[in-house]
Every structure is written in C-alpha cells, then in structure tokens.
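A.B. asks: For reference, the structure I am asking about is given below.
The values are calculated or read from the model by the stated rules, or taken from the named source; none is laboratory data. Keep in mind it's a predicted model, so treat the numbers as computed, not measured. A quick note on method: Cβ atoms are made from the backbone with ideal geometry, for glycine too, and the neighbour counts reach across all protein chains shown.
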Amino acid sequence: MNQQAVKSNSPGARQHAPEQRRPRSTRTLAALLLTLLILPLAALALFSLTRGYFYPQLVPNDWNLRAWRLLLRPGSEVWGAMVTTVSVGLAVVAVALVVAVPAGRALGRHTFRAKRLVELALLAPLLAPPVVVAMGLDFAFLRLRLTNSFWGVVLVHLVPTVPYAVFIMSGVFANYDPAGEGQARTLGATRLRAFRYVTLPAIAPGLVVAGVLVLIVSWSQYILTLLIGGGQVVTLPILLFATSTGGDTALTSALALITIAPVLALLFLTSRHVSRMPAARIGIP
Amino acid sequence: MTTLGLQEVSKRYGTAAAVTDLSMESRSGELLTLLGPSGAGKTTILKLVAGLLQPTAGDIRFDGRSVLAEPPEKRRAVLMLQGPSLFPYMSTADNAAFALLMRGVARSQARTRGEEMLTKVGLSGIGDRRPSDLSGGQQQRVALARALLAEPRLLLLDEPLANLDPELRADMRSLIRESQRERAITTIFVTHDQEEAVEMGDRIALLSDGRLEQIGPPRDFYERPSSARVAQFFGSRNMFNGTRRGDTVAAPFADLHIAHARPPDGPVVVTIRPEAVLLGHGGPENTVEGRIIESHYRGTHVAIRVAIGDVIIEASLRPDEARSFSVGDVTKVTLPPARLWIMPADET
C-alpha cells in the first residue's frame with residue numbers, strides 16, 4: 001500500500017496511470033468529506049421538491065416541481081442574477097490575477113524592506129470583519145460615485161480576493177526558476193514574449209488555482225455586494241437572501257442549489273489541477 | 001566574428017561587489033574561457049554581457065560599440081546555461097527554432113531549419129519529442145542547436161557541461177569547439193574546472209573575487225603565472241619565498257641566480273615546473289643538496305620530492321632516469337636560472 005502511494009506521487013506514474021489506486025485511508029477520508037458535503041445538499045434537494053415536509057415524515061408525501069418551474073421559467077430573475085454573478089466573478093478574477101502575478105512575483109522572489117509589512121497589510125482585509133470593511137468602503141465609494149454600479153461591486157470584491165490570489169502566486173513564484181526567461185531574452189524574445197512563452201506556461205497551474213479560489217470567494221459575497229451594489233447589482237446570493245426572507249422553503253432550497261451548483265461543478269472540473277499542485281507551491285501561509 | 005570589450009566594468013549588489021573594475025578584450029572568433037572558483041563573478045560577467053544585468057559602472061562594447069542601451073533581445077549574445085535549460089512546454093524542434101520563431105520566421109520554415117540543425121548536432125528524428133523525454137546529454141545538444149540557430153554574435157556558455165558524465169562531457173566539448181570554430185563565433189566559456197579551461201580555451205581569463213588575475217594563452221598560466229595565487233590555482237607545487245636583489249634571489253636554502261627582469265627588487269615568490277628541475281648531475285649554477293623524501297611512479301613519469309632544508313621541491317623524471325634515485329638518498333638538485341619564474345609576493 002505504502003509503496004503504491006509513493007509511486008503514485010511521482011510525476012511519471014501520474015502520466016502513465018491516471019486511474020491509480022489510492023490508499024484506503026485517503027479513500028475513507030474522501031468518502032467522509034463527500035458525505036458531509038452531500039448530506040446538506042440532499043436535504044436541500046428534498047425541501048425543494050415539496051410544499052410541506054414535516055415531522056414525523058421520513059420523506060415528504062407530496063412531491064412537485066413548483067419551485068423549480070418558478071425559478072427556471074423563461075424571464076425569471078434567476079437568469080439575470082446568474083449572468084451578473086458570472087460577469088462580476090470573471091471581471092474580479094481577471095483583475096485579481098493581473099494584480100497577483102507581479103505582486104506575487106515580488107513577494108515570492110525578492111526580499112525588500114518592509115516585505116513583512118506588505119504581507120501583513122495583505123492579510124488585513126481577511127482579518128477585519130467584512131461588515132466593518134464594507135461600511136468604511138461604502139462612504140469612500142459614495143464619494144467616488146462607484147456605488148450601485150457593476151464596477152463598484154467588482155472593485156469591492158477585490159478586497160477579499162486579491163490577498164488569496166497574491167499569496168497563492170507568491171508561493172508559485174517562490175518555487176519558480178527565472179533562468180528560462182533570461183535564456184529566452186538572449187534568444188531574441190522581448191520581455192512580453194518571454195512572459196508569454198516561458199513564464200506563463202510555468203505558472204499556469206497556479207493561475208488556475210488562484211482563479212478558481214477568487215471566483216468562488218467572489219461568487220459567495222453577500223454583504224459587500226449588498227452595500228456597494230445597493231440592490232441595483234443583483235447577484236445570486238442577493239437573490240437568495242431576499243428569497244429566504246419570504247419564508248418559502250421550497251423556493252429558497254431550490255435557489256440555494258442553483259447558487260451552489262456552478263461552484264461545485266467548477267471545483268470538480270479543476271480539482272485535478274488543484275490536487276496536482278504540491279502544497280508548497282500553493283503556499284497559503 | 002565580433003570582439004567583446006569590457007572597460008572598467010563593476011557590478012555591485014548593494015554593498016557586495018560581484019565584479020570590480022574589470023577590463024578585458026576578446027578577439028574575434030576566439031574561445032575565451034573564464035576560469036575561477038565559484039563566487040569569482042563569472043556568471044555575473046556573462047549576464048552583464050548578455051544584458052540580463054546592468055553594470056554599476058563601466059562600459060561593454062561589441063566591435064567597439066557600446067551595447068549598454070540595448071536590451072538582451074537586440075544584443076544577439078546568446079546564453080547557454082548549465083543543466084536542463086530547454087523550454088519544457090515546447091517540442092524539441094520548437095525549442096531549437098525558438099530564436100527563429102521570435103524573429104518572425106514562418107512556423108513551417110522554422111521547424112525545418114530546427115530539424116536541420118538538430119541533425120547537425122547529431123540528433124535526427126527527435127523533433128516531436130518533449131525535452132523531458134530526452135537524456136541530459138541530448139538536452140544539451142538541443143540547447144547548443146538552439147543557440148547556434150540564433151546566429152549569435154557572441155556565444156556565452158555558463159558551465160554547460162557541469163551536469164554531464166565524463167564521456168558525454170568530452171563529446172560535448174569537441175562538438176562545441178567544432179561548431180564554434182566552423183562559424184567563427186566569438187565565445188566566452190565559463191568554467192571552474194582548470195583542465196576544461198586549458199583544453200577548450202584559445203585563451204584563458206582567470207578571475208578571483210570579481211577581479212581579473214591574468215589573461216593569456218593556457219601555457220602562460222603554467223610557465224609564466226602573474227602571481228602566486230594564479231600559480232596555486234594551476235597546481236604549481238614548487239613555490240617558495242625569497243627576496244630579490246639584482247640578479248639573485250635570496251631563498252631560504254641558497255642564493256639563486258635568476259634570468260628575468262621583472263618583478264623589481266623586493267620580496268618575491270619563486271616557482272619552477274617539476275619537469276625543469278634536474279637531479280644528480282650538478283649544473284653550473286643554482287645547484288644545492290637535498291634529501292629525497294618521496295618517490296611516486298605515475299606511469300609516464302616519476303614524481304620525486306626532495307627536501308632542501310625546510311623547502312620541498314618536486315622533480316618530474318622519466319622512469320628510466322628515476323631508476324638511479326631512491327628515497328633517503330642525498331642528491332644534487334639544480335634549478336636552472338632560465339626556468340625559475342618569479343612573481344611579486346602577495347600583499348596579504
């Protein structure tokens with residue numbers, strides 16, 4: 001068992017045997033995690049398919065698709081919220097990565113005065129309660145006329161996401177050998193082309209990990225979106241909270257599933273990338 | 001066909017000096033080896049020439065024209081590093097043709113020329129493979145093909161053979177030498193291996209602590225080292241201190257006649273090649289007595305170590321000459337004046 005585990009970690013083995021067996025302990029853990037993740041979702045699924053589901057029923061006795069029909073009908077506000085959430089998310093990912101690549105490189109590769117201070121400053125938005133941050137930012141954004149706007153929301157989503165992206169990329173760059181770039185430059189590549197042909201392929205797995213994480217964090221923002229978006233920028237979480245206060249359990253459950261489904265799908269699609277990155281390369285402090 | 005000139009080049013990182021006041025000139029088409037222990041600033045010099053670093057002071061000229069304002073991609077000073085330096089995400093042919101692709105040559109044409117060059121370095125039919133599927137030796141050949149296809153004005157090699165086993169290293173040495181001679185590419189070859197420097201170089205530049213110790217043909221470093229440090233680096237065994245006064249040097253065991261005008265009077269270090277030392281038959285000058293303390297048979301010659309007072313002198317004799325000497329004998333030792341080389345004593 002142990003030998004297999006060691007073997008399956010080598011890059012060569014991974015290439016030739018993608019379906020390698022994992023040790024039993026790993027499989028048990030995976031099953032446990034999956035159960036913990038799926039059970040609440042299963043409950044939501046049950047709730048979403050019935051009008052009433054009360055003790056002592058083991059399963060609901062009246063099934064219907066009312067909530068789903070209502071939410072997925074053409075012209076439902078769910079579609080608009082979905083588009084807004086995806087657009088905000090993608091814009092946040094793009095900006096966060098553009099910031100994180102040079103910043104991560106500086107933090108990962110160079111030592112400079114006040115480096116620890118910069119790292120601490122990066123953590124600050126993650127440590128402070130989001131409501132406090134949002135209140136303060138709301139005043140600033142009001143003055144800059146950024147409230148109630150798409151770009152205002154994108155900008156405020158950068159607050160909790162950029163730190164993650166920068167830390168991931170600094171971990172990636174800490175293990176990155178820049179010799180290849182110099183090599184490419186002397187062979188006639190401009191700075192931009194050296195980045196495109198040498199740096200980018202090398203850091204791509206890290207970019208995927210950072211991008212996915214940023215997208216997930218942006219996807220689940222509520223307070224920041226509500227305060228800065230002012231109800232004008234309606235993302236799925238905003239819609240979900242509004243619905244949940246309406247007291248319709250089936251509707252809320254169905255919308256909760258709709259909100260979480262794309263995130264889960266994305267995680268499954270990219271899990272290969274994430275699990276292939278050694279922890280050291282991801283480098284979350 | 002390009003000459004490289006460094007003029008009083010210095011490179012400091014903060015307060016630490018990597019290169020100090022370095023001036024040297026390479027000749028067109030020659031292979032100049034940069035030799036020195038690790039930390040001597042060799043790699044820094046290559047990076048300065050390639051344009052990957054900017055000097056703190058001084059000027060770097062190709063064919064007499066300063067290139068300091070030119071970015072690396074314009075200088076055509078191509079670097080070849082030690083170890084696997086291929087781009088792992090490209091095929092072998094794309095790697096070889098990288099410079100052509102960067103110059104905007106059409107992909108199909110670049111590929112063909114890449115394959116051609118690969119054939120020239122002894123690798124045919126592997127253009128589609130990934131670098132990770134090649135052996136270390138093959139990777140270095142691809143790296144050489146890639147460098148040659150860039151049509152470099154200067155080829156800068158940073159210990160390109162360091163990670164190869166001895167047999168491959170010898171092959172690669174001659175391949176580099178052939179390719180470089182054929183195209184008359186002025187080449188700077190960095191190594192810390194004295195043997196490699198001697199074998200590869202038309203000339204050698206010996207560096208220590210970021211300063212140039214001596215530059216010249218390999219022979220000079222054995223026969224006319226500029227300082228005790230150089231002599232030591234080249235494995236000189238017979239060194240002793242003395243004081244020069246006119247035509248004689250007062251050595252610890254005798255006054256020796258010398259035939260060289262420099263350096264001037266004062267403390268000096270004297271050295272002599274083991275094969276220049278004569279044993280047994282007393283010569284007209286500089287003959288003293290010593291006791292043989294060791295004798296080592298080395299196949300082509302016998303190394304005999306003789307103690308003259310506190311100084312130990314090694315003589316190298318042909319095996320048939322050496323037969324008449326055995327350990328414990330007292331014998332005459334002659335140090336011919338013309339073969340004694342004297343250097344200024346190090347300040348330190």
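A.B. asks: What pairs come up if the first residue lies in the stretch B:73-86 and is more than 8 Å from every other protein chain (Cβ to nearest Cβ) and on the phi > 0 side of the Ramachandran plot, the second is of a type outside the set (Asp, Glu) and in a loop (DSSP other than H, G, I, E, B), and their beta carbons are under 7 Å apart, counting only those six or more places apart or on different chains?
C.D. replies: Short answer, once both residue conditions are applied: B:83/B:163.
A.B. asks: Right, next: Only residues that are out of contact with any Phe, Trp or Tyr (no Cβ under 8 Å at 6 or more places or on another chain) and crowded, with 18+ Cβ neighbours inside 10 Å: list them for the stretch B:95-112, please.
C.D. replies: B:96, B:97, B:99, B:100, B:101, B:102, B:110, B:111
A.B. asks: If you take the residues in the stretch A:50-75 that are surrounded by 15 or more Cβ atoms within 10 Å (Cβ to Cβ) and in a loop (DSSP other than H, G, I, E, B), which one is modelled with the lowest pLDDT?
C.D. replies: So, considering only residues that are surrounded by 15 or more Cβ atoms within 10 Å (Cβ to Cβ) and in a loop (DSSP other than H, G, I, E, B), the one modelled with the lowest pLDDT is A:53.
A.B. asks: Where in the stretch B:244-348 are the strands (runs of 3 or more DSSP E), entirely inside, with at least 1 residues that are under 26 Å from the mean Cα position of the chain (by Cα)? Break it down stepwise before answering.
C.D. replies: Details: elements: B:248-250, B:255-257, B:266-271, B:287-297, B:302-308, B:311-317, B:330-334, B:341-344.
Answer list for the stretch B:244-348: B:266-271, B:302-308, B:311-317, B:341-344.
A.B. asks: Across the stretch B:7-25, what is the total count of residues that are under 24 Å from residue B:78 (Cβ atoms) and in contact with a Lys or Arg (Cβ under 8 Å, 6 or more places away or on another chain)?
C.D. replies: Counting residues in the stretch B:7-25 that are under 24 Å from residue B:78 (Cβ atoms) and in contact with a Lys or Arg (Cβ under 8 Å, 6 or more places away or on another chain) gives 4.
A.B. asks: While we're looking at this one, here's another question. Report yes if some residue within the stretch A:124-141 is within 13 Å of chain B (Cβ to nearest Cβ) and crowded, with 18+ Cβ neighbours inside 10 Å; otherwise report no.
C.D. replies: Checked against the condition, which is being within 13 Å of chain B (Cβ to nearest Cβ) and crowded, with 18+ Cβ neighbours inside 10 Å, the stretch A:124-141 yields no hits at all.
A.B. asks: Consider residue B:157 carefully, then state whether it is closer than 30 Å to residue B:102 by Cα, modelled with pLDDT under 90 and in contact with a helix residue (DSSP H, G or I) (Cβ under 9 Å, 6 or more places away or on another chain).
C.D. replies: no
A.B. asks: Go through the stretch B:157-213 and report how many residues are of a type in the set (Ser, Thr, Tyr), touching a residue at least 12 places away in the same chain (Cβ under 8 Å) and farther than 25 Å from residue B:230 by Cβ.
C.D. replies: Of all residues in the stretch B:157-213, those of a type in the set (Ser, Thr, Tyr) come to B:174, B:179, B:186-187, B:191, B:208.
In the following step, the residues that additionally are touching a residue at least 12 places away in the same chain (Cβ under 8 Å) were identified as B:179, B:186-187, B:191, B:208.
Within this subset, residues satisfying the condition of being farther than 25 Å from residue B:230 by Cβ are B:179.
Adding up the residues that qualify gives 1.
A.B. asks: Being away from every other protein chain (no Cβ under 14 Å), under 30 Å from residue B:103 (Cα atoms) and not charged (D, E, K, R) is true for just one of A:173, A:167. Which residue is that?
C.D. replies: It is A:173.
A.B. asks: How many residues are in a loop (DSSP other than H, G, I, E, B), surrounded by fewer than 22 Cβ atoms within 10 Å (Cβ to Cβ) and touching a residue at least 24 places away in the same chain (Cβ under 8 Å) when one looks only at the stretch B:3-26? Steps first, answer last, please.
C.D. replies: The initial filter retains those residues of the stretch B:3-26 that are in a loop (DSSP other than H, G, I, E, B), namely B:3, B:14-15, B:26.
Filter once more, keeping what is surrounded by fewer than 22 Cβ atoms within 10 Å (Cβ to Cβ): B:3, B:14-15.
Next cut, touching a residue at least 24 places away in the same chain (Cβ under 8 Å) only: B:3.
Within the stretch B:3-26, residues that are in a loop (DSSP other than H, G, I, E, B), surrounded by fewer than 22 Cβ atoms within 10 Å (Cβ to Cβ) and touching a residue at least 24 places away in the same chain (Cβ under 8 Å) number 1.
The rows are residues; the columns are (1) in contact with a strand residue (DSSP E or B) (Cβ under 8 Å, 6 or more places away or on another chain); (2) free of Cβ contacts under 8 Å to residues at least 12 places away in the same chain.
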| position | (1), (2) |
| --- | --- |
| B:229 | yes, no |
| B:232 | yes, yes |
| B:236 | yes, no |
| B:239 | yes, no |
| B:248 | yes, yes |
| B:253 | yes, no |
| B:261 | no, yes |
| B:266 | yes, no |
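A.B. asks: Among the listed residues A:96, A:81, A:100, A:128, identify the single one that is among the hydrophobic types (A, V, I, L, M, F, W, C) and farther than 25 Å from residue A:240 by Cβ.
C.D. replies: A:100
A.B. asks: I would also like to ask the following. Identify all residues within the stretch A:185-217 that are under 24 Å from residue B:100 (Cα atoms) and either more than 7 Å from chain B (Cβ to nearest Cβ) or among the hydroxyl-bearing types (Ser, Thr, Tyr) (or both); write none if there are none.
C.D. replies: A:186, A:190, A:191, A:192, A:194, A:195, A:196, A:197, A:199, A:200, A:202
A.B. asks: Select from the stretch B:114-145 the residues that are within 27 Å of residue B:70 (Cβ to Cβ) and either touching a strand residue (DSSP E or B) at 6+ places or on another chain (Cβ under 8 Å) or assigned to a loop (DSSP other than H, G, I, E, B) (or both) and write down the one among them that is nearest to the other protein chains (Cβ to nearest Cβ).
C.D. replies: So, considering only residues that are within 27 Å of residue B:70 (Cβ to Cβ) and either touching a strand residue (DSSP E or B) at 6+ places or on another chain (Cβ under 8 Å) or assigned to a loop (DSSP other than H, G, I, E, B) (or both), the one nearest to the other protein chains (Cβ to nearest Cβ) is B:143.
A.B. asks: Right, another one. Please work out if residue B:103 is within 25 Å of the chain's Cα centre (by Cα) and within 14 Å of another protein chain (Cβ to nearest Cβ).
C.D. replies: Details: within 25 Å of the chain's Cα centre (by Cα): no; within 14 Å of another protein chain (Cβ to nearest Cβ): yes.
The answer is no for residue B:103.
A.B. asks: May I pose another question? If you go through the stretch B:261-287 one residue at a time, how many are surrounded by 15 or more Cβ atoms within 10 Å (Cβ to Cβ) and either among the aliphatic types (A, V, I, L, M) or within 12 Å of residue B:340 (Cα to Cα) (or both)?
C.D. replies: Residues meeting the conditions: 12.
A.B. asks: Give me the residue from the stretch A:105-147 that is in a helix (DSSP H, G or I) and of a type in the set (D, E, K, R) and, out of that set, farthest from the chain's Cα centre (by Cα).
C.D. replies: Taking the candidates together, the pick is A:143.
A.B. asks: Assess whether residue A:161 counts as being surrounded by 15 or more Cβ atoms within 10 Å (Cβ to Cβ), among the polar types (S, T, N, Q) and more than 14 Å from chain B (Cβ to nearest Cβ).
C.D. replies: yes
A.B. asks: Then there's this: Going residue by residue through the stretch B:153-176, is there one that turns out to be within 14 Å of chain A (Cβ to nearest Cβ), in a loop (DSSP other than H, G, I, E, B), within 20 Å of residue B:62 (Cβ to Cβ) and over 18 Å from the mean Cα position of the chain (by Cα)?
C.D. replies: Yes, because at least one residue in the stretch B:153-176 is within 14 Å of chain A (Cβ to nearest Cβ), in a loop (DSSP other than H, G, I, E, B), within 20 Å of residue B:62 (Cβ to Cβ) and over 18 Å from the mean Cα position of the chain (by Cα).
A.B. asks: Any residue in the stretch A:117-135 that's among the charged types (D, E, K, R): show its pairings with residues that are in a helix (DSSP H, G or I) at Cβ separation under 7 Å, as long as the two are six or more apart or on different chains.
C.D. replies: Going by the 7 Å Cβ cut-off, the qualifying pairs are A:119/A:107.
A.B. asks: A further question follows. Do we find a residue being in contact (Cβ under 8 Å) with a residue 40 or more places away in the chain, at the interface with chain A (Cβ under 8 Å from one of its Cβ atoms) and either buried (at least 23 other Cβ atoms within 10 Å of the Cβ) or closer than 30 Å to residue B:14 by Cβ (or both) anywhere in the stretch B:42-57?
C.D. replies: The answer is yes; a qualifying residue exists.
A.B. asks: Sticking with this structure for a sec: Restricting attention to the stretch A:164-208, report how many residues are polar (S, T, N, Q), surrounded by fewer than 20 Cβ atoms within 10 Å (Cβ to Cβ) and closer than 27 Å to residue B:114 by Cα. I'd like the intermediate steps shown before the answer.
C.D. replies: As a first pass, look at the stretch A:164-208 and keep what is polar (S, T, N, Q): A:170, A:175, A:183, A:186, A:190, A:199.
Going one step further and asking which of them are surrounded by fewer than 20 Cβ atoms within 10 Å (Cβ to Cβ), we end up with A:175, A:190, A:199.
Next, only the ones that are closer than 27 Å to residue B:114 by Cα stay: A:190, A:199.
Residues meeting the conditions: 2.
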